[in-house]
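The values are calculated or read from the model by the stated rules, or taken from the named source; none is laboratory data. Being a predicted model, the structure only gives us computed values, none of them experimental. A quick note on method: Cβ atoms are made from the backbone with ideal geometry, for glycine too, and the neighbour counts reach across all protein chains shown. Only protein heavy atoms, including side chains, enter the accessible area calculation; ligands, DNA and RNA are left aside. Shrake-Rupley method; radii C 1.70, N 1.55, O 1.52, S 1.80 Å.
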Amino acid sequence: MEKKYNVDSFNLDHTKVVAPYVRLAAKKVGEKGDIVTKFDIRICQPNKEFMPTGALHSIEHIVAEYIRDEVEGVIDFSPMGCRTGYYFTVWGDRDEAFIAEHMVNVFKKVVAWDGPVPAATEKECGNYKDQDLEGAKKFAAQFVKGIEEKGWNCYK
């Protein structure tokens, strides 16, 4: 019998998924009935590719700012330690197709971004020098292309 971990992503068979994808990672219902939903927004194929920290960081800044224009109830958009994607957490019961559609819209903004990375100053960020806008654009385009071509599902 395989060990069952407390962390959802540790139980995911990373050899069977095909990136990019949007996957429902967890749904929690609080004591008062509030629902919190967490998604795995995967850009790179696990154990085959990863984003350099500057690109990962720049995507995080741009998406974290502009996803709030697309989706109500955003709690957090944060990078995965493995650097293959992000976790996106929202209030409410949302599905993968809804999140994928809005993520594609925001990732297209990353691809088209021509100004400085938002909040990338010493005053606003704890590691402001580690930014890579061109890398961010490359990986954002990879996500958009993959979702538009194959859909959001992580299995073929």
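Over the chain, the reciprocal of the mean inverse Cα-Cα separation, the Kirkwood hydrodynamic radius, stands at 16.0 Å.
Expressed as a whole percent, the proportion of Cα-Cα pairs in the range 109-156 lying more than 13 Å apart is 63%. Rounded, prolate or oblate for the range 37-114? Axes are the square roots of the Cα gyration tensor eigenvalues, ordered a ≥ b ≥ c, and the cut-off for rounded is a/c under 1.5. In terms of gyration-tensor shape, oblate. For the chain, the longest principal axis of the Cα atoms and the long axis of helix 133-150 meet at an angle of about 40 degrees.
Relative contact order for the range 20-76: 25 percent, from Cα pairs under 8 Å spaced at least 6 residues apart, divided by residue count.
The value of relative contact order for the range 44-156, using C-alpha pairs under 8 Å at least six residues apart, is 34 percent. With R₀ set to 22 Å, the beta-carbon distance separating LYS48 from ALA141 gives a calculated FRET efficiency near 0.80.
Per residue, the range 1-59 exposes an accessible area of 61 Å² to a 1.4 Å probe, with every protein chain left in place. Cα centroids of the range 107-156 and the range 72-92: 14 Å apart.
Think of the chain as a dipole: +1 on every Lys or Arg Cβ, -1 on every Asp or Glu Cβ, centred on the Cα centre; then among ALA25, CYS154, VAL117, CYS154 lies furthest on the positive end.
Cα-Cα over 19 Å: which of LYS16/LYS150; LYS108/LYS145; LYS4/LYS48; LYS108/LYS137? The pairs that break the limit, which is 19 Å between Cα atoms, are LYS4/LYS48. Helical runs (DSSP H, four residues minimum) scored at -39500 (n - 2.57) apiece and divided by the length of the chain put the mean residue ellipticity at 222 nm at -11000 deg cm²/dmol.
Only protein atoms count toward the accessible area here, which uses a 1.4 Å probe; on the chain, the carbon and sulfur part of that area reaches 50 percent.
In this structure VAL7 has an accessible area near 60 Å², from a 1.4 Å probe over the protein heavy atoms.
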